[in-house]
Amino acid sequence: MRVIGLMSGTSYDAIEAAAADLALDDDALLLRPLGHLSVPYPDDLRALIAASLPPAATTTQTVCALDSGIGQAFADAAARALRELCAGAADLVVSHGQTMHHWVEDGIVRGTLQLGQPAWIAEATGLPVVSDLRSRDVAAGGQGAPLVGMTDTLLLRALPGTPAALNLGGIANVTVVAPGADPLAFDTGPANALLDAAVRHFTDGGADHDEDGRRAAAGRVSPELLRVLLDDPYYRRPAPKTTGKEHFHLPYLERALEAVPTPAPDDVLATLTRLTAVTVADACRAHGVTELLVSGGGTRNPVLMRMIGEELPDVPVRRSDDVGLPSDAKEALAFAALGFLTVHGLPGTLPAATGARRATLLGSITPGRAPLRLPGPAARPPRLLRIVG
């Protein structure tokens, strides 16, 4: 089955589209990447997303505009992927949408909202669409995240020791597979979320990220600010756990800055970069990680990657590209795999990873132009992910 996966993370800078051929072979899920592309959001839509994210107030009219606008942007990305990556022939689109709110109270996820109306995608491509993948896990008592835990687990099972997969998006999440134990997946804390917010703040919107970590490299870590940031109770909560920009946003950072002597902007960026490295490393040490595979936009920040290596001097740190999974496309490919599992009647979650009462089939299906015909249910779920071709 040829599947297009669509993803936009908490950095909301672009839509990542990836295509793959997927098949089940005995106990393995075979995945052959066909390529990926990144489609920036239109400036006005990105500005509307930024203005509507927590802690900002919004209106139902804006929510409606976002649902349609994001859906149309995802539809354009899907149509490009169909044309440029699949030579016009695919079977399914899987759309994560854009997370606008992840409702967490006292460590319990009460709901989650991903916008991007899938009807626009189905209309533009003619293909069936699997969307809204997080809600079913939440309804089953799970965190609804990190959903990449399933594909990470299938991939990591082939590696020795206690390997872990780390994704560095707006939020950092890690999946750990230890011998003889249930897989564990959780958000470690902010990756790019606070960094990007700080850059936008210090530049009055002139820049939206610290390109190549240059400003962090020019700064010095503030021990006082780092200590205040690390005092957040989130880091002491047991896994599985999840967080987002509802918690880690500019006002959060401003409150921390009020509690310490005012550092220079580059020192703030250096400190925030070190915060991500420390919290990732703490999570890895707590679970005895022996190897770390990294993906996501944060891999393009050499300062962040260096700091993670410094915090984990005895743990090999490498990109997921080294095992055949493109780091820039991993999440889009992961959601392609989840949609593939859904249409084959297979669960896409691991209760040990999300905290759900049981494993569930994920998402809702929007038919394409043709009558909806799903494959017959698979006999059993895969145990391994193999990258082929």
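The values are calculated or read from the model by the stated rules, or taken from the named source; none is laboratory data. Remember, it's a predicted structure, so these values are computed and weren't measured experimentally. We place every Cβ from the backbone using ideal geometry, glycine too, and count neighbours over all the protein chains shown. Only protein heavy atoms, including side chains, enter the accessible area calculation; ligands, DNA and RNA are left aside. Shrake-Rupley method; radii C 1.70, N 1.55, O 1.52, S 1.80 Å.
Where both partners of a DSSP beta bridge lie in the chain, what percent of those bridges are antiparallel, to the nearest 5?
Once the DSSP bridges in the chain are tallied, antiparallel ones form about 65 percent.
Tally up the carbon and sulfur contribution to the accessible surface of region 308-364 as a whole percent, 1.4 Å probe, everything protein left in place.
Within region 308-364, the accessible surface is 48 percent carbon and sulfur.
For region 305-361 and region 237-290, what is the centre-to-centre distance using only Cα atoms, to the nearest Å?
So the separation of the two Cα centres works out to 22 Å.
Using the per-residue mean of other Cβ atoms lying within 10 Å as a proxy for protection, in what order, highest first, do the peptides 22-28, 75-81, 212-218 fall?
Packing proxy ranking, top to bottom: 75-81, 212-218, 22-28.
Tell me, what is the per residue accessible area of region 223-369 in Å², probe radius 1.4 Å?
39 Å²
When the accessible area of region 150-235 is split by element with a 1.4 Å probe, what percent falls to carbon and sulfur?
Exposed carbon and sulfur together represent 50 percent of the surface.
Please figure out what share of the DSSP beta bridges in region 55-151 is antiparallel and state it in percent, rounded to the nearest 5.
80 percent
If you roll a 1.4 Å probe over the heavy atoms of the protein chains, what accessible area per residue do you get for region 5-73, in Å²?
Normalised by residue count, the accessible surface of region 5-73 is 42 Å².
Ignoring any ligand, DNA or RNA, what whole percent of the accessible area of region 1-77 comes from carbon and sulfur when the probe is 1.4 angstrom?
53 percent
Highest first, please rank the peptides 224-235, 264-275 by the mean number of other Cβ atoms sitting within 10 Å of their residues.
264-275, 224-235
Once you have the Cα-Cα distance between Asp26 and Arg386, take 0.36 nm times their residue separation minus that, and quote the gain in nm to one decimal.
128.4 nm
Can you give me the relative contact order of the chain as a percent, contacts being Cα pairs under 8 Å and 6 or more apart?
24 percent
At 1.4 Å probe radius, can you tell me the per residue accessible area of region 142-196 in Å²?
Spelled out: the 1.4 Å probe surface of region 142-196, per residue, equals 20 Å².
Please calculate the 1.4 Å probe accessible area of Trp120, with all protein chains present, and give it to the nearest 10 Å².
For Trp120, the solvent-accessible surface is approximately 110 Å².
I need the peptides 1-10, 109-118 ranked by packing, meaning the mean over residues of other C-beta atoms within 10 angstrom, with the highest value on top.
Highest to lowest by the protection proxy: 1-10, 109-118.
What are the equivalent ellipsoid semi-axes of region 254-314, built from the alpha-carbon gyration tensor (square roots of five times its eigenvalues), in whole angstrom, biggest first?
Working through the eigenvalues yields semi-axes of 25, 14, 9 Å.
Once every DSSP H run of n ≥ 4 in the chain is given -39500 (n - 2.57) and the sum is divided by its residues, what mean residue ellipticity at 222 nm do you get, rounded to the nearest 500 deg cm²/dmol?
Helices in the chain give a 222 nm mean residue ellipticity of -10500 deg cm²/dmol.
Over all directions, how big on average is the projection of the convex hull of the alpha-carbon atoms in the chain, in square nanometres?
Spelled out: convex hull of the Cα atoms, projected over all directions, averaged, 17.9 nm².
Cut-off 10 angstrom, C-alpha nodes, Gaussian network model of the chain. Which of Pro146, Pro33, Pro313 fluctuates the most?
In the Gaussian network model the winner is Pro313.
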